[in-house]
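Take a look at this one; I'll ask things after.
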Amino acid sequence: MFEILERQDMADGTVVLNEISAPLIAKKAKPGQFVILKANETGERIPLTMADTDQNKGTITIIYQIVGKSTALFKSLQVGERFQDVIGPLGEPTHIEKLGTVVCVGGGTGVAVLHPITRGMKEIGNNVIAIIGARNKDLIILEDKMKAASNELHVCTDDGSYGHHGFVTDVLKDVLDEEDVKLVVAIGPVPMMKFVCSVTEKYKVKTLVSLNPIMVDGTGMCGCCRVSVGGKTRFACIDGPEFDGHEVDFDELMQRLQAYKEQESVAYKKFLHK
Amino acid sequence: MTEKPPKKEKIPRQPMPEQDPQIRKRNFEEVPLGYTKELAVKEAERCLHCKNPSCMEGCPVSVDIPGFIKSIKEGDFAKAVRKIWERNALPAVCGRVCPQEIQCEGKCILGKKGDPVAIGNLEKFVADMEREHGNGELPPKNAPTGKKIAVVGSGPSGLTVAGDLILKGHEVTIFEAFHKPGGVLVYGIPEFRLPKDIVYSEVSTLEKLGVKVECNTVVGRTVSLDELFEQGYDAIYVGVGAGLPRFLNIPGENLIGIYSANEYLTRANLMKAYLFPEYDTPLARGKDVVVFGAGNVTMDSARTAMRLGADRVRIVYRRSRDEMPARSAEIHHAEEEGIEFSLLTAPIRFLGDENARLTGVECLQMKLGEPDESGRRRPIPIEGSEFKLECDLAVIAIGAGANPLLTKSTEDLEINKWGYIVADPETGKTMKKGVWAGGDIVTGQATVILAMGAGRKASDSIHQYLTWGW
């Protein structure tokens, strides 16, 4: 189990796709849910929201950015090798329903998580406008898939090297001005989600975000992933990972994501020098 | 005049040799070093072999205590451990973590005038002898019945059920959500109190007997109880524990450096964060640590923090010493290792710096009032007594509640208002046909041996159901 059947480098090698054999999880997983992966005996448990599943093949797909030791270790695994442990599906699935016009906003590897949700939103009959962004052209992922999954796709780059020159929020404002948008789904780096929410709040458009706090067990047992939503403490692993973005305390989330910055850098350096 | 026979010299309770506190407080090796054969035999000789042994009444799984002690006295340690196995599949665990002082040893007749027989130490001794020097001979198994049982959760109650039912000839599969089996024995109880190799060895004995262990399976997510029945299981035992951390619900609780005991101990024990960076999971190493609570988990957390290099570890508890629920041996061990106690102290808010890192906790002094519904004297705040405790790491070890993950996904499993599964206390039968439950998910957070006792009752009932159909 958990053998890597396909592997792909994306975005200049800073992002990797793995298709992993996990029939039990593939059978149950729905868009928006995540898995926890552990590469080997000494590895840590890393939560990643699934980018795709294939029930017939019995596989799940994850797409992740290399940000430290654990993801670098994941990257080093080749086709035919396996993850020691994969646990899931975890978290609540996205509530996909027919609403009218839905805008799906993705940044960085968040686009990978956004893709199955976008597809689901379109399949159920929504008019889906997708907006994806990255720092530059090379870091844009899944453009073709997002185009196929939506009715209209806008691509943005911070440096103007491709598509619209600017942030996803710029395009989002234009869309909100022109269309009767019923729901915005925003998945990406925390600052992006925060800015999207501050825009949509002004337009009073409900906005779902998918949060990625640090986790351990992923089953509600430890409380590591606690986030403040509407002034209440919620566990992203069992209450989320999706929440109403207008209620999320993004600043607290950003701070909590820094909890192990020092240790993470020690571990990464040690790994790179091995 | 006839000469009186010389009075038999009274043997004192043989103390357990232990690692020196000053040394052990900085390592994760086991604290008790274990009896030698000589010490064990000498201790066993203290047993009076009462006709109506009250020690057995104190044991939730009714181990034949005088029986196994007699074998130790005779030097037949293999026979002694097999005597325990008749009632308890996990003696190496129970010898270490049972609260003997309120169970078997608490009832020992010798305890009335002096020290009771060290039953726990003897149990640990024979289990360790078997593991290290035994011939590996397994207990006999009944002929296969063709019945299949799913055990959900591999903690003490699940392991007990699995061990009982495999011997009765049934097929048993354990499903565990974590990547390693053992439940609280592995994620919760620290290495220095219960070495993980011992737990894995107990699990591996069950595997040799034919029990299948499926890790990474979150029942309720990966597979539901009804799907397990569809897969052909005839009965299911749910022993998923009390896996929902309680927080203090005071301001500042989400600052960096504040952990639930579940998280702190899981990182340290299951994920081996004390070996970081050899192991990848990090854990904050506080210099000035406070731990809230007064139970065994509180002591475990405090002693772990000390081993991770703290200069100072304080246990903060809102009542007084007399109300502390931890085993006296655990409190004693903590004190020996330099853990301090701030009693009659209640936290009111956490304080942090500009990076949201914990710097302290504001507390109130308390006094004790009349007993509350728990029978313990209620702590009452003393007005105007606010003061600040400085700290850079805090662990909240005030208990755990019912984890809703499985019960929420199983509609016809009745739960009470606290979220615990409703089950017959005598049989473990739930309101859902073919499903039994026991341990912390039924009773709320309790001890390893009580969970095992519940597992024993449930396995008897499951066996009856599978044999007779009721």
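The values are calculated or read from the model by the stated rules, or taken from the named source; none is laboratory data. Bear in mind the structure is a predicted one, so any value in this text is a computation, not a measurement. For neighbour counting, all protein chains shown are included, and Cβ atoms are generated from backbone atoms with ideal geometry for every residue, glycine included. Ligands, DNA and RNA are excluded from the accessible area calculation, which covers all protein heavy atoms including side chains. Shrake-Rupley method; radii C 1.70, N 1.55, O 1.52, S 1.80 Å.
Based on this model, can you work out whether B:LYS457 counts as in a helix (DSSP H, G or I), out of contact with any Leu (no Cβ under 7 Å at 6 or more places or on another chain) and open to solvent by 70 Å² or more (accessible area, probe 1.4 Å)?
The answer is yes for B:LYS457.
Which strands (runs of 3 or more DSSP E) does the stretch A:1-107 wholly contain that include 3 or more residues that are in contact (Cβ under 8 Å) with a residue 24 or more places away in the chain, more than 13 Å from chain B (Cβ to nearest Cβ) and touching a Lys or Arg at 6+ places or on another chain (Cβ under 8 Å)?
A:15-21
Across the stretch B:327-363, which residue is most open to solvent (accessible area, probe 1.4 Å) among those that are free of Cβ contacts under 8 Å to residues at least 12 places away in the same chain and within 14 Å of another protein chain (Cβ to nearest Cβ)? If you could, list the steps in order and put the result at the bottom.
Start the filter on the stretch B:327-363 by keeping residues that are free of Cβ contacts under 8 Å to residues at least 12 places away in the same chain, which leaves B:332, B:335, B:353-354.
Of the ones still in play, those that are also within 14 Å of another protein chain (Cβ to nearest Cβ) are B:353-354.
On the way: B:ASP353: 59, B:GLU354: 152 Å².
Here the residue is B:GLU354.
A further question follows. Only residues that are aliphatic (A, V, I, L, M) and open to solvent by 10 Å² or more (accessible area, probe 1.4 Å): list them for the stretch A:1-10, please.
Matches in the stretch A:1-10: A:MET1, A:LEU5, A:MET10.
Hey, A:MET192 hits all of (1) aliphatic (A, V, I, L, M); (2) open to solvent by 10 Å² or more (accessible area, probe 1.4 Å); (3) out of contact with any Gly (no Cβ under 9 Å at 6 or more places or on another chain); (4) not in a loop (DSSP other than H, G, I, E, B) but one; which does it fall short on?
Tallying (1) aliphatic (A, V, I, L, M); (2) open to solvent by 10 Å² or more (accessible area, probe 1.4 Å); (3) out of contact with any Gly (no Cβ under 9 Å at 6 or more places or on another chain); (4) not in a loop (DSSP other than H, G, I, E, B), A:MET192 fails exactly one: (3).
Then there is this: When the residues of the stretch A:230-241 are filtered to those that are under 20 Å from B:PRO404 (Cβ atoms) and open to solvent by 10 Å² or more (accessible area, probe 1.4 Å), which remaining residue is farthest from the other protein chains (Cβ to nearest Cβ)?
The selected residue is A:GLY230.
So A:ASP217 fits all but one of (1) touching a helix residue (DSSP H, G or I) at 6+ places or on another chain (Cβ under 7 Å); (2) more than 9 Å from chain B (Cβ to nearest Cβ); (3) buried (at least 20 other Cβ atoms within 10 Å of the Cβ); (4) of a type in the set (D, E, K, R); what number is the exception?
A:ASP217 satisfies all of (1) touching a helix residue (DSSP H, G or I) at 6+ places or on another chain (Cβ under 7 Å); (2) more than 9 Å from chain B (Cβ to nearest Cβ); (3) buried (at least 20 other Cβ atoms within 10 Å of the Cβ); (4) of a type in the set (D, E, K, R) except (2).
Then there's this: Looking only at the stretch B:433-450, how many residues end up being open to solvent by 50 Å² or more (accessible area, probe 1.4 Å) and touching a residue at least 24 places away in the same chain (Cβ under 8 Å)?
Of the residues in the stretch B:433-450, 2 are open to solvent by 50 Å² or more (accessible area, probe 1.4 Å) and touching a residue at least 24 places away in the same chain (Cβ under 8 Å).
Of everything in the stretch A:189-214, what is touching a strand residue (DSSP E or B) at 6+ places or on another chain (Cβ under 8 Å) and within 14 Å of chain B (Cβ to nearest Cβ)? Give them in sequence order.
Result: A:LEU211, A:PRO213.
Give me a count of the residues in the stretch A:19-58 that are open to solvent by 50 Å² or more (accessible area, probe 1.4 Å) and among the basic types (Lys, Arg).
So the count comes out to 4.
Can you tell me which residues in the stretch B:432-456 are touching a strand residue (DSSP E or B) at 6+ places or on another chain (Cβ under 8 Å) and among the hydrophobic types (A, V, I, L, M, F, W, C)?
B:VAL435, B:TRP436, B:ALA437, B:ILE441, B:VAL442, listed by residue number.
Does the stretch B:172-192 contain any residue that is under 14 Å from B:ALA89 (Cβ atoms), without any contact (Cβ under 8 Å) to a residue 60 or more places away in the chain, open to solvent by 10 Å² or more (accessible area, probe 1.4 Å) and part of a helix (DSSP H, G or I)?
Checked against the condition, which is being under 14 Å from B:ALA89 (Cβ atoms), without any contact (Cβ under 8 Å) to a residue 60 or more places away in the chain, open to solvent by 10 Å² or more (accessible area, probe 1.4 Å) and part of a helix (DSSP H, G or I), the stretch B:172-192 yields no hits at all.
Return yes or no: is B:ALA284 touching a residue at least 12 places away in the same chain (Cβ under 8 Å) and closer than 17 Å to B:ALA334 by Cβ?
Details: touching a residue at least 12 places away in the same chain (Cβ under 8 Å): yes; closer than 17 Å to B:ALA334 by Cβ: no.
It is false that B:ALA284 is touching a residue at least 12 places away in the same chain (Cβ under 8 Å) and closer than 17 Å to B:ALA334 by Cβ.
Here's the yes/no breakdown for (1) of a type in the set (A, V, I, L, M); (2) open to solvent by less than 10 Å² (accessible area, probe 1.4 Å):
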site	(1), (2)
A:GLY107	no, yes
A:VAL113	yes, no
A:GLU143	no, no
A:ASN151	no, no
A:ASP158	no, no
A:HIS165	no, no
A:GLU178	no, no
A:LYS204	no, no
A:THR207	no, yes
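Per-residue answers, yes or no, for (1) in contact (Cβ under 8 Å) with a residue 12 or more places away in the chain; (2) acidic (Asp, Glu); (3) within 22 Å of B:PHE247 (Cα to Cα):
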residue	(1), (2), (3)
B:ARG376	yes, no, yes
B:GLU383	no, yes, no
B:CYS391	yes, no, yes
B:ASP412	yes, yes, no
B:TYR420	yes, no, yes
B:ALA423	yes, no, no
B:THR427	yes, no, no
B:MET431	yes, no, no
B:ASP460	yes, yes, no
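With A:ASP251, A:ASP244 as the choices, which residue is at the interface with another protein chain (Cβ under 9 Å from one of its Cβ atoms) and either at pLDDT 95 or above or open to solvent by 10 Å² or more (accessible area, probe 1.4 Å) (or both)?
Unique residue meeting the criteria: A:ASP251.
Which of the residues that make up the stretch B:404-419 are within 14 Å of chain A (Cβ to nearest Cβ) and open to solvent by 20 Å² or more (accessible area, probe 1.4 Å)?
Residues satisfying the conditions are B:PRO404, B:LEU405, B:LYS408, B:SER409.
Same structure again: Of all residues in the stretch B:59-112, which are among the aliphatic types (A, V, I, L, M) and open to solvent by 50 Å² or more (accessible area, probe 1.4 Å)?
Looking only at the stretch B:59-112, we keep the residues that are among the aliphatic types (A, V, I, L, M), and these are B:61, B:63, B:65, B:69, B:72, B:78, B:80-81, B:84, B:89-90, B:92-93, B:97, B:102, B:109-110.
If the condition is that a residue be among the aliphatic types (A, V, I, L, M) and open to solvent by 50 Å² or more (accessible area, probe 1.4 Å), then B:ILE102, B:ILE109 are the ones that fit.
Residue-by-condition table, conditions (1) among the hydroxyl-bearing types (Ser, Thr, Tyr); (2) outside any helix (DSSP H, G or I):
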| site | (1), (2) |
| --- | --- |
| A:THR169 | yes, no |
| A:THR200 | yes, no |
| A:VAL205 | no, yes |
| A:MET215 | no, yes |
| A:GLY223 | no, yes |
| A:SER228 | yes, yes |
| A:THR233 | yes, yes |
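If you don't mind, another one. Name every residue in the stretch A:259-274 that is within 17 Å of A:VAL216 (Cα to Cα) and not in a helix (DSSP H, G or I), in order of residue number.
Within the stretch A:259-274, A:ALA259, A:TYR260 qualify.
Name the residues in the stretch B:193-210 that are in contact (Cβ under 8 Å) with a residue 60 or more places away in the chain and more than 14 Å from every other protein chain (Cβ to nearest Cβ), would you? Step through it out loud before you land on a result.
Filtering the stretch B:193-210 down to residues in contact (Cβ under 8 Å) with a residue 60 or more places away in the chain leaves B:193-196, B:198-199, B:201-202, B:205-206, B:208-210.
Answer for the stretch B:193-210, where residues must be in contact (Cβ under 8 Å) with a residue 60 or more places away in the chain and more than 14 Å from every other protein chain (Cβ to nearest Cβ): B:ARG193, B:LEU194, B:PRO195, B:ILE198, B:VAL199, B:SER201, B:GLU202, B:THR205, B:LEU206, B:LYS208, B:LEU209, B:GLY210.
Further question: Open to solvent by less than 50 Å² (accessible area, probe 1.4 Å) and over 30 Å from B:LEU308 (Cα atoms): does that describe B:SER385? Even if it seems obvious, please write down each step before you answer.
Details: open to solvent by less than 50 Å² (accessible area, probe 1.4 Å): yes; over 30 Å from B:LEU308 (Cα atoms): yes.
Yes: the conditions hold for B:SER385.
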